[in-house]
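The values are calculated or read from the model by the stated rules, or taken from the named source; none is laboratory data. None of the values given here were measured: they were computed from a predicted structure. FYI the Cβ positions are ideal-geometry reconstructions off the backbone, even for glycines, and counts take in every protein chain you see. Each accessible area value is taken on the protein alone, full model and side chains, heavy atoms only, with ligands, DNA and RNA left out. Shrake-Rupley method; radii C 1.70, N 1.55, O 1.52, S 1.80 Å.
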Amino acid sequence: MRKPNLLIVSCILLLAQASLTSCQDFIDSIFGSIDNPVQNNQENTISNNDGGDNDPTQVLNLQEDYQAAFVRAFGVPGVNHQWGFASTKEKTRIMVEELSTEPDFDFNDVVFDVIMTSTGADVTLQAVDSTLPITIGGQEVHEKFGVSTTTMVNTNGSNIGNLSPVTFSITGVFYDNPINIEVKVYEIGQWYDMVAVEGKAPNKIAVSTTNDWCAEKENIANKYSQFIHWVSGSSNDF
């Protein structure tokens, strides 16, 4: 067999190296035109968040930290505690505390009144203290107030005050219980459901519309002295 000419082989290698960049550009131009679901999903993700990564371990830790902080602040929740939620046709006020490693427990990250209807619920948005995207029935609350996501409204802190409540309707099958209205907060790269599970620290509580919400950073137990007793189940109200 005839041996290849070393000069020819060297020339081929040099030509290949010189054209490597242009070849890569050619490949990129072909495949770059194809939709990339992962990239597209990232581009469509809400950018106004706390900058965290969607790390399952971090997510779990955040939930556990919130539970532990709640118990330290108020004691172990009553086993059968339903956090004030019940089927009703009466107007009910919902106060929300978002997940956090160091929650302030002012339960005013979003405050809204609801009355159940035949097609869903009528929502009256009262206040928002969260500086993260937060939705009620899929509708972003800062947008409803006409402010940026980083703006707090009607919580007496460094925010916009005295804005009138905003009313809007949501549709769905809620069985006349406002606990079934979906409230979500976007943190650490994903949306979290704000829940009220029996025997666990709640992210939302249902109270009478006569219960005023806390100011920014005001612990709810300082405003309502019976709150700790309500958490334990030894009091029916606070």
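Taking segment 177-188 on its own, how many of its residues are among the polar types (S, T, N, Q) and open to solvent by 30 Å² or more (accessible area, probe 1.4 Å)?
The qualifying residues number 1.
Just one of the listed residues (LYS204, LYS223, LYS200) is under 28 Å from THR88 (Cα atoms) and in contact with a Cys (Cβ under 9 Å, 6 or more places away or on another chain), namely LYS223.
From the list GLU102, GLU90, the lone residue that is open to solvent by 20 Å² or more (accessible area, probe 1.4 Å), closer than 30 Å to LEU163 by Cβ, at pLDDT 95 or above and in a loop (DSSP other than H, G, I, E, B) is GLU90.
Residue count for segment 134-176, restricted to those that are of a type in the set (Asp, Glu) and either open to solvent by 30 Å² or more (accessible area, probe 1.4 Å) or within 19 Å of GLU90 (Cα to Cα) (or both): 2. Look through GLY138, GLY199, GLY172, GLY146 and report the one residue that is under 20 Å from TRP83 (Cα atoms) and of a type in the set (Gly, Ala, Ser). Just one listed residue meets the conditions, GLY199.
For segment 114-128, residues that are open to solvent by 10 Å² or more (accessible area, probe 1.4 Å) and touching a residue at least 24 places away in the same chain (Cβ under 8 Å) total 7.
Based on what the data block shows, is THR150 among the β-branched types (Val, Ile, Thr) and either part of a loop (DSSP other than H, G, I, E, B) or over 23 Å from LYS223 (Cβ atoms) (or both)? Please lay out each step first, then the result.
Values: among the β-branched types (Val, Ile, Thr): yes; either part of a loop (DSSP other than H, G, I, E, B) or over 23 Å from LYS223 (Cβ atoms) (or both): yes.
Criteria met by THR150.
When GLU187 is tested against (1) of a type in the set (Asp, Glu); (2) under 30 Å from SER234 (Cα atoms); (3) at pLDDT below 95, exactly one condition is not met: (2).
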